[in-house]
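All remarks here apply to the structure that follows.
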Amino acid sequence: MRFLRSIPCRGVRLYTSLPAGHGKHVTVLGEQYPTDSMTNISPTIISKLPLRLHTQPSHPLSTLRALIESHFPSYAHLSSLSPLVTPHQNFDLLSFPQDHPGRSVTDSYYINKDLMLRTHTSAHEVEVFGRGETKWLLTADVYRRDEIDGSHYPVFHQTEGARILSADQTGMQEVEEDNARLTAHLERSNIIIEDVPHLSPTNPCQPAHDPKHTELIAKNLKLSLNSLMLQLFGGHVGSTAEDPLRVRWIEATFPWTTPSFEVEVFFRGKWLEILGCGVVRQATLDNSNVSNKLGWAFGLGLERIAMILYSIPDIRLFWSQDERFLSQFKQGEISTFKPYSRYPACFKDVSFWLPETSGLHENDFCDLVRDVAGDIAEDVKMIDSFTHPKTNRKSVCYRINYRSMDRSLSNDETNTLHAQVLSQLQDQFGVEIR
Ligand code: DAH
């Protein structure tokens, strides 16, 4: 199982450690919480929590959210659930195995062992189904510790969508009627779909479900999402038979759905992974107290789609307060971003011996760089690593690219930032700079 947006991790995975220096309490969204050995939420991340870009008028992420919502007019549109969830909500209720890597402090942000930042909007599925919602969309900010480059940012946005119906004749008739309507709509459109079977030995029905019902639900899921893809990408491709929109379905695995799928769209010469989805598992429905229902869920990342539709080249731009960025957009309109001049990049390397006992994870290093340099850190790459043949000590070298999107940085400023990175590395992790 993997999360979406899991572009393979570059470089070597180093082992875990937590930065020193957290106080007894941490204030998040105006509330104080006790810290413990799991606490790893950083000041930079805390500062992002109130921003909620998906609700800021005219922001590309807000327009994209509204566009998706307009495609599902009869669904409840939710966007104000707290980003603070328990690991139970984020993982256990969705049947994530105990040893899933997403649970580790190197991959997720913890306030303490009992509270974390949601890593995906699926964290709210059980709660929303449990409230009695049967057709809903939820757009929210989600948090994952990650590397630093033009397409990764530790905060991003997802839209979750779900539909459940009674697992009986009435429910199935509703699905069949909807399937007929959607099929007719798609037959009139310029879309080519590469499909996979709704069910297969490697993508099975759940024991508690009738395979005929599951087939109908999976078909409804696919038709609903194919037509969403037309809505999102149809303005660019798919307007003529010569230039159809190409969508491909792939078998996938998620702990809380089976069968499960991923959807890719062919855009400007490349297949792009757009979303994950599937038929909701009985365990998830049971946890939500809707055992007699059956349905589907999907989750998609907004930044990747917005970067494509608006031609936005760097994920940091979504957070820019620069008028040259913000003034380009109007709510409800997808326009092509006009890049303004980029300021010069400044590359600086840091080589150090890893601490022998505690270790240092690449994501710890990236969070430290973000805390010092904020969005001025454009890219962090490991460019070298080696183990000393005699002492067995391990040394790594990272290259940091400092570049502001809004102004030219002076040499003094980058030198100061880099010096701070070095001293924080020594103070927080006890590394030996080479
Ligand atoms: N939560 C998943 C992720 O972040 C995406 C996803 C996959 C959502 C399958 C779903 C689903 O609702 O059924 O990668």
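What to note about this one:
- Residues whose placed amide H lies under 5 Å from that of Met38, excluding near-sequence neighbours: Lys113
- Fewest neighbouring Cβ atoms within 10 Å first, the residues Asp210, Asp141 line up as Asp210, Asp141.
- The stretch 328-421: chymotrypsin sites (Phe, Trp or Tyr not before Pro) in DSSP loop, at most 12 other beta carbons within 10 Å: Tyr340
- Cross-linked pairs Lys212/Lys293; Lys270/Lys381; Lys348/Lys381; Lys135/Lys219; Lys348/Lys390: Cα-Cα separations exceed 18 Å for Lys270/Lys381; Lys348/Lys390.
- Residue-by-residue Karplus 3J(HN,Hα) for the stretch 310-318, coefficients 6.51, -1.76, 1.60, Hz, glycine and proline x: 9, 6, 8, x, 9, 5, 5, 4, 4
- The distance from the alpha carbon centre of the stretch 58-95 to that of the stretch 145-217 is 17 Å, rounded to a whole number.
- The stretch 199-290 - charge dipole about Cα centre, Lys and Arg +1 at Cβ, Asp and Glu -1, debye rounded to 20: 80
- Between 0 and 90 degrees, the angle of helix 60-71 with respect to the longest Cα principal axis of the chain falls at about 10 degrees.
- Here's the list of lysines a cross-link from Lys338 could span, going by alpha-carbon distance under 20 Å and ignoring same-chain residues fewer than 8 apart: Lys330.
- Between helix 169-187 and the chain: long-axis angle, C-alpha atoms, 0 to 90°, nearest 10: 80
- Burial ordering of Ser47, Ser42, Ser311, fewest other beta-carbon atoms within 10 Å first: Ser47, Ser311, Ser42
- Other residues whose C-beta falls under 9 angstrom from the C-beta of Pro87 contribute a net charge of 0, scoring Lys and Arg +1 and Asp and Glu -1.
- Summed residue charge, Cβ within 12 Å of Asp406's Cβ, Lys/Arg positive, Asp/Glu negative: +2
- On Cα atoms only, tilt of 411-429 relative to the major axis of the chain in degrees: 80
- Sorted by Cβ neighbour density within 10 Å, fewest at the top, the residues Trp271, Trp136: Trp271, Trp136
- For the chain, calculated [θ]222 nm from helices alone, where every DSSP H run of n ≥ 4 adds -39500 (n - 2.57): -8500 deg cm²/dmol
- When the GluC sites (Glu not before Pro) in the stretch 285-349 are filtered for DSSP coil states and for at most 13 other beta-carbon atoms within 10 Å of their beta-carbon, the remaining sites are Glu333.
- Each Lys or Arg adds one and each Asp or Glu subtracts one; over the other residues with Cβ under 13 Å from the Cβ of Asn190, this totals -1.
None of the figures in this text is laboratory data; all of them are computed from the coordinates on show. Worth saying up front: this structure is predicted, and the values here are computed from it rather than measured. A quick note on method: Cβ atoms are made from the backbone with ideal geometry, for glycine too, and the neighbour counts reach across all protein chains shown.
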